[in-house]
Amino acid sequence: MKKISTIGLDIAKRVFQIHGVDDTGKVVVQKQVGRSELLDWFGKQEPCLVGMEACATANYWARELSRLGHDVRLIPPAYVKAYVRRQKNDRADAAAICEAVSRPSMRFATLKTTTQQVVQVLHRTRELLIKQRVQLGNALRAHLAEFGHIFPQGAAGLDKTLGFVTENAGDLPEELMGILRVYVEQITRLRETLKGLERDMLLWHRSQQDSLRLATIPGIGTVTASAIVAAIGDGQQFHSGREFAAWIGLVPRQNSSGGKERLGRISKQGNAYLRQLLVTSATNYLRGERHARAVGGTWFSQLLKRKPGRLATVALANKMARVAWAVLTKGETYHAMPA
């Protein structure tokens with residue numbers, strides 16, 4: 001068998017498809033291997049270029065194969081799709097990955113460290129528990145509304161609802177109150193767990209210089225700063241702040257042709273979690289326009305005169321993303337723009 005120069009690896013839970021070619025592009029290996037056999041097989045091969053889709057478990061396998069001396073590159077699945085011939089199956093996917101990874105103009109995803117992945121798990125767990133707390137609070141208020149007791153939304157309204165159930169302030173049946181106390185116990189437990197997760201997040205944030213530098217940007221706090229560092233590290237994989245903003249999905253979608261630029265709404269592609277955090281931060285700072293001016297400068301004041309508030313906040317989020325990239329890549333703290 002000729003020497004393998006490039007391998008396309010289609011990963012799954014138990015079965016992995018391998019597609020290898022030599023320097024001339026001729027297929028020299030096509031086979032399936034089980035999960036327990038994968039590292040043994042790659043350990044017997046000479047170091048080569050290995051391409052994988054940037055999907056679930058990809059970072060783990062990329063780190064393991066890198067330890068064996070292989071040059072592993074992760075490709076966003078959307079960029080692989082164009083190379084799939086005819087119908088989709090494991091063999092076609094592996095061949096497409098092998099073809100895509102050899103393209104000189106291909107864009108690759110950055111391999112994450114275990115620390116980055118741990119912090120991302122922390123963020124995802126926090127996000128999940130917040131959703132569960134909201135669901136429980138909505139259900140509790142809805143059940144009480146069925147018996148004529150209405151409470152406002154938000155954190156203050158939830159506190160009133162919990163206090164009402166705890167103190168049994170109404171004339172509700174005891175059987176009902178027993179059920180509602182289950183909601184109170186779950187919400188209280190979730191609140192305590194969230195406080196613990198946020199303490200862990202704060203401790204990690206304080207131990208990371210990049211995260212501390214990002215927190216000097218007005219509107220970016222512990223959660224957003226740590227999420228950005230966990231997602232992109234030092235940001236060197238992006239050539240510009242606009243490229244980072246585009247990766248988050250905060251730039252207009254283009255439909256340009258014939259030299260005419262047609263820009264639409266933001267693309268909403270890429271990292272939805274970072275986009276949500278940045279837009280939320282910009283929305284909060286719109287309420288205090290003085291702080292928003294510190295990030296946006298005079299252009300933001302002019303934009304608010306011409307455009308709706310929501311559009312202005314998205315534009316400010318775009319600006320914050322670009323500033324965050326500059327702070328990360330230059331290794332400096334934020335310097336306020338002149339008013």
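Where a number appears in this text, it was derived from the coordinates with a stated rule and is not lab data. Since we're looking at a predicted model, the values are computed, not measured. Positions of Cβ are backbone-derived with ideal geometry, glycine not excepted, and every protein chain shown enters the neighbour counts.
Can you give the log10 of the normalised intensity I(q)/I(0) at q = 0.10, 0.12, 0.15, 0.16 Å⁻¹, computed with Debye over equal Cα scatterers of region 210-330? Log10 I(q)/I(0), no solvent term: -0.29, -0.42, -0.65, -0.73.
Would you mind telling me which residue in Leu74, Leu250, Leu263 has the biggest mean-square fluctuation in a Gaussian network model of the chain, where springs connect alpha carbons within a distance under 10 angstrom? In this elastic network of the chain, the residue with the biggest mean-square fluctuation among Leu74, Leu250, Leu263 is Leu263.
From its DSSP helices (H runs of at least four residues, each -39,500 (n - 2.57)), the chain gives a residue-normalised ellipticity at 222 nm of -18000 deg cm²/dmol.
Under the criterion of Cα pairs below 8 Å and six or more residues apart, the relative contact order for the chain equals 12 percent.
Expressed as a fraction of 2.2 N^0.38 Å, the value expected for a compact globular protein of N residues, the C-alpha radius of gyration of region 114-207 is 1.32.
By the count of neighbouring beta-carbon atoms within 10 Å, fewest first, Ile75, Ile228, Ile4 end up ordered Ile4, Ile75, Ile228.
For Ala95, neighbours were defined as the other residues whose beta-carbon sits under 15 Å from its Cβ, and their charges (Lys and Arg +1, Asp and Glu -1) total +2.
P(r) tail for region 242-282: Cα pairs beyond 15 Å make up 44% of the total. Computed on region 51-155, the Cα convex hull volume stands at 170 Å³ per residue.
Among the trypsin sites (Lys or Arg not before Pro) found in region 56-118, those both in a DSSP coil and sparsely packed, with 13 or fewer other Cβ atoms within 10 Å of their Cβ, are Arg85, Arg86, Lys88, Arg107.
Spin-label model, Thr193 to Val29: label points 7 Å out along the Cα-to-beta-carbon direction sit 4.4 nm apart. Here Tyr273, Tyr60 are placed in order of increasing Cβ neighbour count within 10 Å, fewest first, which gives Tyr60, Tyr273. Close amide H partners of Val50, meaning residues 5 or more places away or on another chain with modelled amide H under 5 Å apart, are Ile7, Asp71, Val72, Arg73. To the nearest 0.05, how large is the calculated FRET efficiency for Lys88 and Asp40 if R₀ is 35 Å and r is the Cβ-Cβ distance? My answer for the efficiency is 0.80. Name the shape class, rounded, prolate or oblate, that the alpha-carbon gyration tensor gives for region 6-101, where a ≥ b ≥ c are the square roots of its eigenvalues, rounded holds for a/c under 1.5, and otherwise prolate holds if a/b is larger than b/c and oblate otherwise. Judged from the Cα gyration tensor, region 6-101 comes out rounded (a/c under 1.5). Here the residues Val80, Val182, ranked from fewest to most Cβ neighbours within 10 Å of their Cβ, fall in the order Val182, Val80.
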